[in-house]
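Visitor: If you scroll down you'll find the structure; I have some questions about it.
Just so you know, all these numbers are worked out from the coordinates, no wet-lab data involved. Here the structure is a predicted model, which is why all the values come from computation and not from measurement. Glycine gets a Cβ as well: all are built from the backbone with ideal geometry, and neighbour counts include every protein chain shown.
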Amino acid sequence: MRQSLVIGNWKMNGSLQNNQALLQGLIQGSDEALQKKMGVCVPFVYLQQIKDLLKNTVISWGSQDLSEQDSGAFTGEIAGSMLIDFGCKYAIVGHSERRSLYNESDELVAKKFAKAQKSGLIPVLCIGELLEEREAGKTENVVKRQLDAVINSQGIAALANSVIAYEPVWAIGTGKTAFPQQAQDVHAFIRQDIANRDATIAENVQLLYGGSVKGSNAAELFAMSDIDGGLIGGASLKADDFLTICQAA
Ligand code: PGA
């Protein structure tokens with residue numbers, strides 16, 4: 001039985017004051033059972049604050065990226081070992097904004113995935129197609145290519161200790177959510193593609209859906225058999241909205 005998981009991706013949002021209010025709202029509005037399903041991936045500079053505020057809870061936290069390098073002369077980069085110092089459990093890798101705005105290739109994402117695991121973090125691997133790719137009937141090819149970049153370099157066993165987030169790029173931040181069945185179809189494809197190589201890993205890996213998930217559509221998405229939770233952007237910035245989504249998982 002897969003555990004549900006809902007991760008908030010704060011992106012480049014927050015302030016000391018707002019973070020505190022948001023996290024206090026999440027803590028006050030949840031019991032331990034709900035908190036076990038909850039995670040927040042925050043800007044690097046707030047990790048100490050988040051660690052302090054969440055230390056007596058079972059809410060998990062993590063980063064939105066990490067370096068593919070260990071340490072050294074890489075100005076501006078953040079290593080996996082540093083994230084471990086701040087109590088991170090997760091590191092998002094390959095978010096579509098990193099892929100498109102910062103030119104991260106499938107190969108680089110695979111290296112970041114590997115570095116996260118070697119550092120002791122659970123990578124949250126984001127995959128998903130652009131609108132034109134969907135319209136051209138290439139959705140399955142694209143998500144398979146993005147997944148294969150990790151599997152072919154790290155081996156199928158690496159997926160055992162990871163989370164995969166399917167996020168159709170056309171649904172991110174646009175208010176256009178995939179229909180539950182549309183999302184389920186891709187999730188089922190991903191799980192089957194993994195099962196073709198390892199049935200146990202396929203059965204156990206958590207597959208999250210992301211892209212304009214809100215309190216009003218979360219329940220029908222999470223009711224789908226291969227959707228194990230969500231990666232939430234905009235709606236993770238308000239405690240009430242995020243709590244409603246977590247309750248739906
Ligand atoms: P959104 O973002 O919920 O604001 O669409 C999701 C994401 O980018 O992870």
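Visitor: For region 27-145, what does the alpha-carbon gyration tensor say about shape, rounded, prolate or oblate, given a ≥ b ≥ c as the root eigenvalues, a/c under 1.5 as rounded, and a/b over b/c as prolate?
Guide: Numbers: a/c = 2.45, a/b = 1.38, b/c = 1.78.
Oblate, since a/c reaches 1.5 and b/c is not below a/b.
Visitor: Helix by helix through the chain, keep the DSSP H runs that span 15 Å or more along the axis on Cα and average at least -1.0 on Kyte-Doolittle, and give those back in order. Walk me through the numbers on the way to the answer.
Guide: Working: long enough: 16-28 (18 Å, 0.01); 106-119 (20 Å, -0.76); 139-154 (23 Å, -0.51); 180-195 (22 Å, -0.56).
Length and hydropathy pass: 16-28, 106-119, 139-154, 180-195.
Visitor: If you average the alpha carbon positions of region 224-239 and of region 114-129, how far apart do those two centres end up, in angstrom?
Guide: That distance is 18 Å.
Visitor: Going toward the positive end of the dipole of the chain, with +1 on Lys and Arg Cβ and -1 on Asp and Glu Cβ, which of Ala157, Tyr46, Val6 do you reach last?
Guide: In the chain, that residue is Tyr46.
Visitor: Quick one: which residues, 5 or more positions from Gly155 or on another chain, have an amide H under 5 Å from its amide H? H modelled 1.01 Å from N in the peptide plane, none for Pro or chain starts.
Guide: none
Visitor: Right, something else. Taking square-rooted eigenvalues a ≥ b ≥ c of the alpha carbon gyration tensor, is region 10-82 rounded, prolate or oblate, where a/c under 1.5 means rounded and, failing that, a/b exceeding b/c means prolate? Don't skip to the answer; put the middle values down first.
Guide: Details: a/c = 2.80, a/b = 1.92, b/c = 1.46.
The shape class here is prolate.
Visitor: While we're here: Work out, step by step, the length gained on full extension between Phe189 and Gln17: first 0.36 nm times the residue separation, then minus their alpha carbon distance; give nm to one decimal.
Guide: Details: separation 172, 0.36 × 172 = 61.92 nm, distance 4.21 nm.
Length gained between Phe189 and Gln17: 57.7 nm.
Visitor: Something else now. Suppose every Lys and Arg Cβ carries +1 and every Asp and Glu Cβ carries -1, with no other charges. What dipole size does region 48-151 come out with about its Cα centre, to the nearest 20 debye? Each step should come with its number before you reach the end.
Guide: Numbers: 13 positive and 16 negative charges, 79 e Å.
Result for region 48-151 is approximately 380 debye, rounded to the nearest 20.
Visitor: Hey, another quick one. Please rank Ile232, Ile127, fewest neighbouring Cβ atoms within 10 Å first, as an exposure proxy.
Guide: Details: Ile232 28, Ile127 25.
Neighbour counts put them in this order, fewest first: Ile127, Ile232.
Visitor: Still on this structure, I have one more. Can you bin region 66-115 into rounded, prolate or oblate? Criterion: square roots of the alpha carbon gyration tensor eigenvalues sorted a ≥ b ≥ c, rounded for a/c under 1.5, prolate for a/b above b/c, oblate for the rest.
Guide: On the way: a/c = 1.90, a/b = 1.43, b/c = 1.33.
Because a/c hits 1.5 or more and a/b exceeds b/c, region 66-115 counts as prolate.
Visitor: Sticking with this structure for a sec: Compute the distribution of all C-alpha to C-alpha distances in region 134-238, in bins of 10 Å from 0, and list the percent of pairs in each, rounded to whole numbers.
Guide: 15, 48, 30, 7
Visitor: Moving to a separate point now. Please quote Rg/Rh for region 5-248 to two decimal places, taking the Kirkwood radius as Rh and restricting both calculations to Cα atoms. Before the final figure, lay out each step's value.
Guide: On the way: Rg = 16.8 Å, Rh = 17.9 Å.
The Rg/Rh ratio comes out at 0.94.
Visitor: I've got another one for you. Report the label-to-label distance for Lys118 and Arg2 in nanometres (one decimal), using points 7 Å from each Cα along the Cα→Cβ vector.
Guide: In this crude label model, Lys118 to Arg2 measures out at 2.8 nm.
Visitor: How long are the three semi-axes of the equivalent ellipsoid for region 116-169, computed from the Cα gyration tensor as the root of 5 times each eigenvalue, in whole Å, largest first?
Guide: Details: eigenvalues 118, 27, 9 Å².
Over the Cα atoms of region 116-169, the ellipsoid semi-axes are 24, 12, 7 Å.
Visitor: Can you give the extra length, in nm with one decimal, that the chain gains between Ser216 and Gln69 once fully stretched, where that is 0.36 nm per residue apart less the Cα-Cα distance? Could you put the intermediate results ahead of the total?
Guide: Values: separation 147, 0.36 × 147 = 52.92 nm, distance 4.04 nm.
My answer for the length gained is 48.9 nm.
Visitor: Mind telling me which of Gly87, Gly39, Gly137 comes out most flexible in a GNM of the chain, alpha-carbon contacts under 10 Å?
Guide: Gly137
Visitor: Which loop GluC sites (Glu not before Pro) in region 1-95, with loop taken from DSSP, have no more than 15 other Cβ atoms within 10 angstrom of their Cβ?
Guide: Numbers: sites: Glu32, Glu68, Glu77; in loops: Glu68, Glu77.
When the GluC sites (Glu not before Pro) of region 1-95 are filtered for loop state and at most 15 Cβ neighbours within 10 Å, Glu77 remain.
Visitor: Right, another one. Residue separation times 0.36 nm, minus the C-alpha to C-alpha distance between Gln247 and Thr57: what's the value? Provide the component values of the computation, followed by the final result.
Guide: On the way: separation 190, 0.36 × 190 = 68.40 nm, distance 1.68 nm.
Here the segment from Gln247 to Thr57 would lengthen by 66.7 nm.
Visitor: Which pairs break 19 Å Cα to Cα here: Lys37/Lys238; Lys11/Lys214; Lys55/Lys214; Lys111/Lys144; Lys89/Lys115; Lys37/Lys89?
Guide: Working: Lys37/Lys238 17 Å; Lys11/Lys214 16 Å; Lys55/Lys214 27 Å; Lys111/Lys144 17 Å; Lys89/Lys115 13 Å; Lys37/Lys89 13 Å.
Going by Cα-Cα distance, Lys55/Lys214 fall outside the 19 Å limit.
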